[in-house]
Amino acid sequence: MHQAKILATRTWRHFMHDSLYRNSIFLMISTAMLAAFGFAFWTIAAHLYTTSQVGIATTLISATGLLSNLSLFGFNHSFVRFLPSEKDKKVLIDSGLTIVTVVAALLAVGFVSLIPRIAPDLDFIRRTPSLILALILYIVLAGQNNITDSIFLSYKATIYTFLADVAQCLVKISLPFLLVGYTDGGLFLAYATGTLADMVFSFSFLATKFNYTPRPTLNTEKIKKVLSFSVGNYFGDFLQSSPALIAPVIITAEVNPSTSAYYYLAMTIASLVFVIPRAITQSLFAEGSHTRHIVRRHIIRSIKLMGGLLIPLCTLLCLFGGIVLKIFGHQYSENGLVLLRLFTVSALFIAINYLGMTVLKIYLHTKAIVIINLLGALFIVFTTVLYASHSLRDTAYTWLIGQALMSIMFITYSAVRLRLLRISGC
């Protein structure tokens, strides 16, 4: 027992001294923590607020989250890729942050002005100045939050992302109790204030640890340097995530909402497994951007870490997924178990796809990322339309096959164009 404890301590110290492993671990812990506190937040909300108030909050959070993502223009990728080699880092960061902030603010103002047309039930917001301000600030801050996370990742210092997320979670979980009597927007205010806390801590860390204070700047030379890379990855991200978002809509239209719920919940649970390759490849992206001459070594270490975590976790979820689904009800276990298993197996292909996208980003092959993700998205969406009315199992197979086809394309392209086997530094 004592020897096992010593071995575990040595292994943990090794992980913490290795930036690839350390940053991967902090990203995974942050994601898991946000998911856990998010579950707790909505559990509290369901007991303190009416169904209508919860519905208003989820609608606002979904809409504003989409707008904040639209404001990024791929700068979250560009910062990780270009900051390590950029001499004037501050000018590049200031320029990217300025664009994201201005675009986010314009999108927020546009959304508020269009509320009567696109969401009449939310028109009360326009009569409450504090809610208008909170909505605009949230969209801006959520966009900036993605950018500061990328800055920390580029510096291989994701511990500060983790600490800022801790602050966000603690604030977010406490405010629903305090704002329970504040109109129909109280729950959204609680959620938005958590993001404000995150940004306060993030900018504090940037100021104290990296001697950076933001200042509105627009250097067109710096922007032109990263623009094509930013926009390409912007569309690549959208195409990569769109099939999982579109499929429930197709199933609802072709079958019924209950069937869509089984699909959505199984995908949501499996998505927790997808966090592992996403976090590890984000760290790989940062490492490769700093030291491209030893990318192969980083790739091999990333594969070992992903395999060591994914294989046992996928095995456990395939064996005991029915028990997890029963937490939500017997019907979910009965109708969603096969889906969950197929989605879980797809995590192995998704790991290859994340790895392929990351390597192509390091070597600036942005067009290939867009084309492969476009082909994969078209296949999954088209076959989902064809098979949605047949059975849920068929739609899950289309997802699995689509991810496998994308893996083949990423491996083939990387082997032919990048000749990864000849990259030095093994």
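Laboratory data are not the source of any read-out in this text; all were calculated from the coordinates shown. Since the structure is predicted, the reported quantities are computational estimates derived from the model, not experimental observations. Here the Cβ is made from the backbone with ideal geometry for all residues, glycine too, and neighbour counts use every protein chain on show.
Just a few scattered comments:
- Full extension of the chain between Arg126 and Phe320 yields a length gain of 65.0 nm, computed as 0.36 nm times the residue separation minus the alpha carbon distance.
- Leading residue at positive end of dipole, the range 201-261 (Cβ point charges), from Ser242, Ala261, Ser230: Ser230
- For the chain: rounded, prolate or oblate by the Cα gyration tensor [a/c cutoff 1.5]: rounded
- Extension gain (nm, one decimal) between Leu218 and Met33, 0.36 nm per residue minus Cα-Cα: 63.1 nm
- The label-point distance for Leu272 and Ala105, in a model that sets each label 7 Å from Cα toward Cβ, rounds to 4.0 nm.
- Ellipsoid fit via the Cα gyration tensor, the range 330-391: semi-axes of 30, 16, 6 Å, each the root of five times an eigenvalue, largest first.
- Overall form of the range 57-147 per C-alpha gyration tensor (a/c, 1.5; a/b vs b/c): prolate
- Out-of-range pairs (alpha-carbon distance over 24 Å; input Lys89/Lys361; Lys89/Lys304; Lys90/Lys225; Lys87/Lys361; Lys89/Lys367; Lys156/Lys361): Lys89/Lys304; Lys89/Lys367
- Net lengthening on full extension, Thr208/Val91 (0.36 nm per residue, minus Cα-Cα): 40.3 nm
- The ratio of the alpha-carbon radius of gyration of the range 227-418 to the globular-protein estimate 2.2 N^0.38 Å is 1.06.
- Whole-number percent relative contact order across the chain, with pairs defined as alpha carbons under 8 Å at least 6 apart: 20 percent
- Among Ala108, Pro129, Ile151 - extreme Cα towards positive end, dipole of the range 16-218, charges at beta-carbon: Ile151
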